[in-house]
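K.L.:
If you scroll down you'll find the structure; I have some questions about it.
The values are calculated or read from the model by the stated rules, or taken from the named source; none is laboratory data. Quick caveat: nothing in here was measured; it's all calculated off a predicted structure. All Cβ positions, glycine included, derive from the backbone under ideal geometry; neighbour counts span all protein chains shown. Areas reflect the complete protein model, heavy atoms only, side chains present, ligands, DNA and RNA absent. Shrake-Rupley method; radii C 1.70, N 1.55, O 1.52, S 1.80 Å.
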Amino acid sequence: MNDAARREHIKQICDHNRELAPHLFTRGFLITTRDFDGEDVFPFYDNWNKTRLSDYNFWVHNRQKFYSFNQDGADFFLIGHAYNPFSMEHEEKDILRRLAGAYNQSEKAFLEAVDELTGVFILGTVRDDELSLVLDCSGMQYC
């Protein structure tokens, strides 16, 4: 079965069993310049929330967390959950605020601040319409 056939199969199951739709891609997110507003499209089924930063639409499942912080024209965002066991920071807004300060110091300071974090998350910035992502899927550090 190819990818298109798999997608169509999942769509048919969810269309016929609407109670399953809220469970589809529950930890999912999509970052795109496309706008799906007003559309009840697969795989969203009105279970995703949209946040716009610059030219980007951040579609995040409603069971997933999205945080953003703007400083000096740069948007910092975090999808998921992060925790700093060294400083005991657990509020993502506070973590983003500290990361923004480190970002303004230097790339090294920023990556050192990212290295202190644990959790399941993707982190990024939007500055001058340029999207940059930092993720640490394996638990390895940057510096």
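K.L.:
Mind telling me which of the residues L20, L24 ends up being surrounded by 16 or more Cβ atoms within 10 Å (Cβ to Cβ) and among the hydrophobic types (A, V, I, L, M, F, W, C)?
P.N.:
Of L20, L24, the one residue that is surrounded by 16 or more Cβ atoms within 10 Å (Cβ to Cβ) and among the hydrophobic types (A, V, I, L, M, F, W, C) is L24.
K.L.:
Here is a further query. Does the range 119-142 contain any residue that is free of Cβ contacts under 8 Å to residues at least 24 places away in the same chain, in a helix (DSSP H, G or I) and surrounded by fewer than 13 Cβ atoms within 10 Å (Cβ to Cβ)?
P.N.:
For the range 119-142, residues free of Cβ contacts under 8 Å to residues at least 24 places away in the same chain, in a helix (DSSP H, G or I) and surrounded by fewer than 13 Cβ atoms within 10 Å (Cβ to Cβ): absent.
K.L.:
Next question, about the same structure. Can you find, within the range 27-39, the residue that is nearest to G124 (Cα to Cα) among those that are assigned to a loop (DSSP other than H, G, I, E, B) and open to solvent by less than 80 Å² (accessible area, probe 1.4 Å)?
P.N.:
Only one residue tops the list, namely G28.
K.L.:
Something else about it: Considering each residue of the range 75-96, count those that are open to solvent by 70 Å² or more (accessible area, probe 1.4 Å) and in contact (Cβ under 8 Å) with a residue 12 or more places away in the chain, and give that number.
P.N.:
3
K.L.:
Of these, R63, R52, which one is free of Cβ contacts under 8 Å to residues at least 12 places away in the same chain, open to solvent by 20 Å² or more (accessible area, probe 1.4 Å) and closer than 30 Å to P22 by Cα?
P.N.:
Residue meeting the stated conditions: R52.
K.L.:
Hey, another quick one. For the range 42-52, indicate whether the set of residues that are over 12 Å from the mean Cα position of the chain (by Cα), more than 18 Å from G28 (Cα to Cα) and among the charged types (D, E, K, R) is non-empty.
P.N.:
No, the range 42-52 contains no residue that is over 12 Å from the mean Cα position of the chain (by Cα), more than 18 Å from G28 (Cα to Cα) and among the charged types (D, E, K, R).
K.L.:
I've got another one for you. Could you tell me whether D72 is open to solvent by 50 Å² or more (accessible area, probe 1.4 Å) and without any contact (Cβ under 8 Å) to a residue 40 or more places away in the chain?
P.N.:
Taking the combined requirement at face value, the residue satisfies it.
K.L.:
List every residue pair whose Cβ atoms sit under 7 Å apart, with the two residues 6 or more apart in sequence or on different chains, where the first one lies in the range 97-117 and is over 14 Å from N70 (Cα atoms) and the second, anywhere, is at pLDDT 95 or above and among the basic types (K, R).
P.N.:
From the range 97-117, the pairs are A113/R98.
K.L.:
Is there any pair with a first residue in the range 1-18 that is farther than 12 Å from Y45 by Cα and a second that is part of a helix (DSSP H, G or I) whose Cβ atoms are under 7 Å apart and which are 6 or more apart or on different chains, and what are they?
P.N.:
Listed by first residue and then by second, the contacts come to I13/L20.
K.L.:
So which residues in the range 41-91 are assigned to a loop (DSSP other than H, G, I, E, B), closer than 14 Å to G124 by Cβ and β-branched (V, I, T), if there are any at all?
P.N.:
The answer is none; no residue qualifies.
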